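Below is one structure; the comments refer to it alone.
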Amino acid sequence: MAEPLTAWQELFARRARARFPVKIARVVAEPEAHTTTEAVPELGTLLRAAVVVEGGVEAGAVAELVRIAFDAVLIAGAGRDFDGYPQLHDSALELIERLRGAGHPVSRLLLSAARLEIRSSNSTPLRRELIEGAVSAAVSPEERVESLLALAKLHVDLSGYRRARRVLAECARITGRGEAPGQAAQVECTTGTILFYTNPGAAREHLERAVALDPGRVGPRGARQAVAEAVHFLGRIHHGAGEHDLAAEHYVRAEALSDDQLLGHGFFHQRLAEVLVSGGLLREAHFHLRWATATFEHLGQNGVSTAVLDGTWFRYYARTAQHAKAEAVAERGIVLARAGGGHRAELTLWAQLLVLRARERRWWAAFRAGRRVALRLLGVELRGGPVVFGRHCVGAARRISFVLERRGHANPMTGCPCGADHSESSPITEPPMRLETGFVPH
């Protein structure tokens, strides 16, 4: 039996029932006006109010409020000083559970909640629970495919490649029956991004198929997210082959096609900086590193995303002979990657430290880093079987070759294609906005 409310709680509840339904209706009527950084604290308050005034707000309005709150955090970001993530998330999840109990569709809301969970970790039990809940709550073939694709990506983050392939096979069966035709490109894209880590050649085929499958790829920004993601990963494949100009052009094209979620823009800057460190101007690389850092900080990222960015900062510092800074940023990234379940990010950082320490003839420190690489491969990637394990050994060697930067010096870039002013005096907006590249999707 629920405990009776205190006098203060009862007073708050009465005032909430009198005031907040009107405010919630106003937000729901103007969603775009509230998808901003400034609106996030108010949205958190309204979510909590909706919990308190249970039954006082229509279910459709509650669902829309939750969606707007998630969009505001994922698209605009809450700002580096926002400390209300736990309350906002908890209130949203409580409302989603009530909506589910009332028979309201909640699959996509659960997927948004899972995306927010990545802010600190790729592998929390809650993220798995949310995605599995989205799968079971799906009420249409489209929703089921969307949630299954999220589940496949979760398995890959945890190095569960066989499980990921089984989930993708179910997605392919659904789209093969013509039940979710709009998801076919996304299935191909996700298959390609998963194979990227073990079989880049096969990944390229699926990614190119994803681009070809979407006949409307010339269209409004955000409408072609599957194509944007596929083009981005094709850029990573070109980078791996030492084709730096092609890689950078693909990243810029992907940014022009992508949706409005700010995390994706942060990764655009991070990947572009990565290829510029390999074969471009370090001044231009530093510009994009600054933008990526500002974007992740604005989003409150303190997990694997930041660890991946730390790996790029490491390579920048290594190329500019700032070895103490390189070692410090790598060690920070390793802590973040390990805490967040970012096995590949941690492996890459240890491999980079191995090379740096060997170059400095710190043989004992290099041996310890090498032992960490071996333990990480054996402890995580061996789960995929001997073939996948062998491919990941090759992948680890490829990551080490990036640190050596041989290809970058042999095949220099003609310049960053993003069109921005890369000077140190170029300001970074607060909040960080999409960098307008002037690139026309084609």
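The values are calculated or read from the model by the stated rules, or taken from the named source; none is laboratory data. Note that the structure is predicted; figures quoted are calculated from it, not measured. No Cβ is skipped: glycine too gets one built from the backbone with ideal geometry, and neighbour counts run over all protein chains shown. SASA here: full protein model, heavy atoms, side chains in, ligands and nucleic acids out. Shrake-Rupley method; radii C 1.70, N 1.55, O 1.52, S 1.80 Å.
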**Request:** Keeping to the range 115-139, report how many residues are touching a residue at least 40 places away in the same chain (Cβ under 8 Å) and farther than 24 Å from Ile75 by Cβ.
**Result:** 1
**Item:** Enumerated helices (runs of 4 or more DSSP H) restricted to the range 295-371, each holding at least 3 residues that are open to solvent by less than 30 Å² (accessible area, probe 1.4 Å) and more than 30 Å from Ala76 (Cα to Cα)
**Value:** 343-359
**Matching residues in the range 126-140 - criterion: being part of a helix (DSSP H, G or I) and open to solvent by 50 Å² or more (accessible area, probe 1.4 Å)** = Leu126, Arg128, Glu129, Glu132, Ser136
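Residue-wise test of (1) closer than 23 Å to Asp260 by Cβ; (2) of a type in the set (D, E, K, R); (3) in a helix (DSSP H, G or I); (4) at pLDDT below 90.
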position	(1), (2), (3), (4)
Gln183	yes, no, yes, yes
Thr191	no, no, yes, no
Ile194	no, no, yes, yes
Tyr197	no, no, no, yes
Ala202	no, no, yes, no
Leu207	yes, no, yes, no
Ala210	yes, no, yes, no
Arg217	yes, yes, no, yes
Gly222	yes, no, no, yes
**Top-ranked residue in the range 30-44 [being under 24 Å from the mean Cα position of the chain (by Cα) and of a type outside the set (Val, Ile, Thr); ranked as surrounded by the most Cβ atoms within 10 Å (Cβ to Cβ)]** = Leu43
**Prompt:** Quick one: Thr191 ticks every box in (1) within 23 Å of Leu234 (Cα to Cα); (2) of a type outside the set (A, V, I, L, M); (3) more than 20 Å from the chain's Cα centre (by Cα) bar one, so which box is it?
**Reply:** (3)
**Members of the range 45-62 found to be of a type outside the set (Val, Ile, Thr) and open to solvent by 10 Å² or more (accessible area, probe 1.4 Å), listed by number** = Arg48, Glu54, Gly55, Gly56, Glu58, Ala59, Gly60, Ala61
**Prompt:** Is it true that Glu146 is open to solvent by 20 Å² or more (accessible area, probe 1.4 Å), in contact with a Lys or Arg (Cβ under 8 Å, 6 or more places away or on another chain) and in a helix (DSSP H, G or I)?
**Reply:** yes
**Complete:** When (1) in contact with a Ser or Thr (Cβ under 8 Å, 6 or more places away or on another chain); (2) under 13 Å from Thr193 (Cβ atoms); (3) not acidic (Asp, Glu) are applied to Ala226, the one that fails is (1)
**Asked** From the set of residues in the range 295-326 that are among the β-branched types (Val, Ile, Thr) and closer than 24 Å to Glu360 by Cα, which is farthest from the chain's Cα centre (by Cα)?
**Response** Thr320
**Request:** Those residues that are open to solvent by 70 Å² or more (accessible area, probe 1.4 Å), under 15 Å from Glu117 (Cα atoms) and either part of a loop (DSSP other than H, G, I, E, B) or touching a residue at least 60 places away in the same chain (Cβ under 8 Å) (or both), I need them from the range 63-100; list them, please.
**Result:** Asp83
**Request:** Can you tell me which residue within the range 266-290, out of those that are open to solvent by 10 Å² or more (accessible area, probe 1.4 Å) and under 24 Å from Arg224 (Cα atoms), is nearest to the chain's Cα centre (by Cα)?
**Result:** Phe267
**Message:** Looking at the range 142-166, I want the residues that are on the phi > 0 side of the Ramachandran plot and have a partner that is assigned to a helix (DSSP H, G or I) and open to solvent by 10 Å² or more (accessible area, probe 1.4 Å) with Cβ atoms under 6 Å, at least 6 apart or on another chain. Which pairs are those?
**Reply:** Ser159/His343; Ser159/Arg383
**Asked** Given the structure, is Ile68 at pLDDT 95 or above, under 20 Å from the mean Cα position of the chain (by Cα) and among the β-branched types (Val, Ile, Thr)?
**Response** yes
**Complete:** In the range 37-54, residues that are of a type in the set (S, T, N, Q) and not in a loop (DSSP other than H, G, I, E, B) total 1
**Fill in**
Note on the range 101-121: residues of a type outside the set (Val, Ile, Thr), buried (at least 18 other Cβ atoms within 10 Å of the Cβ) and not in a helix (DSSP H, G or I) are Arg119, Ser120, Ser121
**Request:** Evaluate the range 1-21: report whether one residue or more is among the small types (Gly, Ala, Ser), touching a residue at least 24 places away in the same chain (Cβ under 8 Å) and open to solvent by 30 Å² or more (accessible area, probe 1.4 Å).
**Result:** no
**Asked** Of the residues that sit in the range 256-265 and are outside any helix (DSSP H, G or I) and either touching a Gly at 6+ places or on another chain (Cβ under 7 Å) or modelled with pLDDT of 90 or more (or both), which one is surrounded by the most Cβ atoms within 10 Å (Cβ to Cβ)?
**Response** Ser258
